[in-house]
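Visitor: Before I ask anything, here is the structure I am working with.
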Amino acid sequence: MVTRLVIAMAVVLTAIVSAQSGVTGDWEMTLSTQTGITTWPARFEQDGDRLGGEIDLGDNEVLSLEGRIDGTILTFVIVVPDLDGDQPISFEGELAGDMITGARGSFSWYGTGDWTASRK
């Protein structure tokens with residue numbers, strides 16, 4: 001009886017810790033646009049409904065992200081520096097376990113298309 005209770009408590013605590021972490025962690029984002037498939041390593045940091053972190057665009061270009069998470073819906077923006085002026089790129093997606101399914105969007109010079117992310 002005690003063993004079953006300990007196991008049940010461990011399962012509940014694991015679920016609580018997992019739910020609290022939300023999107024926090026390392027992810028791989030994939031953009032599928034008319035310019036092709038682009039993948040970026042990302043690090044999300046969730047603090048309540050606030051979302052922060054960074055995305056590595058490659059070539060020593062690591063950009064901060066800022067956004068929010070409401071339930072399973074997350075929105076965030078990165079600002080890509082450009083000679084013609086900074087280019088904000090907005091993302092919206094839905095978290096489902098270790099996957100994020102992104103809404104179709106416009107990603108500056110990358111074009112329009114879909115994005116997804118998977119937890120590493």
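We did not get these values from a lab; they are worked out from the coordinates using the rules stated. Everything quoted here is computed from the prediction, not taken from an experiment. Here Cβ is always computed from backbone atoms with ideal geometry, including for glycine, and neighbour counts include all displayed protein chains.
Visitor: For segment 22-119, report the % of Cα-Cα distances exceeding 23 Å.
Guide: When every Cα pair of segment 22-119 is considered, 16 percent fall beyond 23 Å.
Visitor: Loop-only GluC sites (Glu not before Pro) in segment 43-103, please: DSSP not H, G, I, E or B, and at most 14 other Cβ atoms within 10 Å.
Guide: 61
Visitor: Report the trypsin sites (Lys or Arg not before Pro) located in segment 18-110 that are in a DSSP loop and have at most 16 other Cβ atoms inside 10 Å of their Cβ, or state none.
Guide: Passing sites in segment 18-110 are 104.
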